[in-house]
1. Using the Cα gyration tensor of the range 261-419, with a ≥ b ≥ c the square roots of its eigenvalues, what is the shape: rounded (a/c below 1.5), prolate (a/b larger than b/c) or oblate (neither)?
2. Over the Cα atoms of the range 357-423, what is the Rg over Rh ratio if Rh follows Kirkwood?
3. Just add up the charged neighbours of MET194: K/R +1, D/E -1, any other residue whose Cβ is under 15 Å from the Cβ of MET194.
4. As I understand it, the value is the acute angle between the Cα axis of helix 178-188 and the longest principal axis of the Cα atoms of the chain; what does it come to in degrees, rounded to 10?
5. First select every other residue whose beta carbon is under 13 angstrom from the beta carbon of LEU69; then total the charges, Lys and Arg +1, Asp and Glu -1.
6. Rounded to the nearest 10 degrees, what's the angle between the helix 309-326 long axis and the longest principal axis of the chain, both from Cα atoms, 0 to 90?
7. Which percent of Cα-Cα pairs in the range 37-334 sits in each 10 Å bin, short to long?
8. Running a GNM on the chain with Cα contacts under 10 Å, which residue among VAL323, VAL93, VAL286 ends up with the highest mean-square fluctuation?
Amino acid sequence: MAARRKPSLIPAKPAQISEASEAPKPSASDADDPPLRPPKLSLIVPASALFFLPYFFLLYFYYDVEPSLRRSIAINAAMSLGGFIVVVRLIPVAAKYVLRRSLFGYDINKKGTPQGSIKVPESLGIVIGIVYLVIAILFQHFNFTSDSNWLVEYNAALASICFMILLGFVDDVLDIPWRVKLVLPAFAALPLLMAYAGHTTIIIPKPLIQYVGVAVLDLGWIYKLYMGLLAVFCTNAVNIHAGINGLEVGQTVVISAAILIHNLMQIGASGDPEYQHAHAFSIYLVQPLLTTSLALLSFNWYPSSVFVGDTYTYFAGMAMAVVGILGHFSETLLLFFLPQVLNFLYSCPQLFKIIPCPRHRLPRFDPQTGLLTGTKDGTLVNLFLRLFGQSTEKSLCIRLLFFQALSCLLCFWLRYILAGWYK
Ligand code: UD1
Ligand code: MG
């Protein structure tokens, strides 16, 4: 696949270079920048309340959670709320700076309308990544002691997420070819894989025990390989289920919300402190992911005033992969990722070049009607348009997110009916 050429990467003629070097550097307060549209808080805040009110009801009233665990989750939630506010304030500032460095994209699904010719600031995921890391690093002060066993894995997880943010940003700036892009998460997962000292065993599903011969199987290094592959899958899966306003962030918001509920349910159902801590660990890493993503969504929801970039898609995918790995619920995570799994399978012929793969596998936009039509490219976005007919970009995104939520509900239902029989 041809690499995108960002305007900043197109070599300038020598005369242009000398002119540019003599020109005064623009300051962040230049008046010629068009102001960013305000965040859609009237949509995001009620939607967030709809999730967080029942969530805190479960945490405080429904489940009998140990008070110290409850306190840590509440501190983390308060810091995550702070993260939401900081991101909402930082994005307009950062958007000006990325535009200055020519990091922008054109909204392809608005081509042919005035909105299609606006330079939309790209890679705003870098703001989310930084705020997220600051919250996650500071949180250690409130929760872990220096002899805490969790500290090593927690910091290894943060190192992997940080490495992924760096590589995602490198990709946004340098526009790395697709094949190289695919393996970047494998490098980013290394800190976690090398520091991982947890168990490498898997519990064999009950119906399969008679064939395998044991109830618990030690996979050794294969387990670490599996962890690495999961990280590669989750990151790329989010990145290729993309391209319409709000979808990249929206899917992360829905999956993060499902992961939080799953963790709470597991904490509530178990009396084993070790098991509870594994799930609390996931909560500490997912709460800030959810709130910072909600803040980003307030700018990225249709019509997007900023794009998230591969910085965000890689970061979000890696954050969800590490919580699934360290919380030992990777099978559940893959069920939450059902739309991404389907999209990946459907994409395989194009990803592996069996049939041609264009740079963007997006629907066709008709500026006269404002409707999108599905193309033959193998993505869930196109498949939805072909199955359910033409639609606007906004309602297509809502449909896809509804499908994401249904997949998460299906996963909860499957866990419920298979409990006791499967494992
Ligand atoms: C992946 C997909 C590609 C899809 C792209 C959209 C594969 C193999 N690659 O590529 O098909 O087109 O994501 O993100 O499946 N954009 C919009 N509207 C949006 C979001 C993005 O028009 O709501 C466009 C903008 O021009 C933006 C660009 O997509 O600048 C970002 O594309 P990028 O993330 O670099 O594409 P890939 O991740 O390489
Ligand atoms: Mg992308």
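All of the numbers you see were taken from the coordinates with simple rules; none came from a lab. Computed from a predicted structure; not experimentally measured. Counting neighbours? That spans all protein chains shown, and the Cβs are built from the backbone with ideal geometry, glycine included.
1. prolate
2. Working: Rg = 16.5 Å, Rh = 13.8 Å.
Ratio of gyration radius to Kirkwood radius: 1.19.
3. 0
4. The helix 178-188 is inclined about 40 degrees to the chain.
5. Values: positive: ARG70, ARG71; negative: ASP64, GLU66, ASP272, GLU274.
Once positives and negatives cancel, what remains is -2.
6. So the helix axis and the longest Cα principal axis differ by about 0 degrees.
7. Result returned by the calculation: 6, 28, 34, 22, 8, 2, 0.
8. Highest fluctuation among the options: VAL93.
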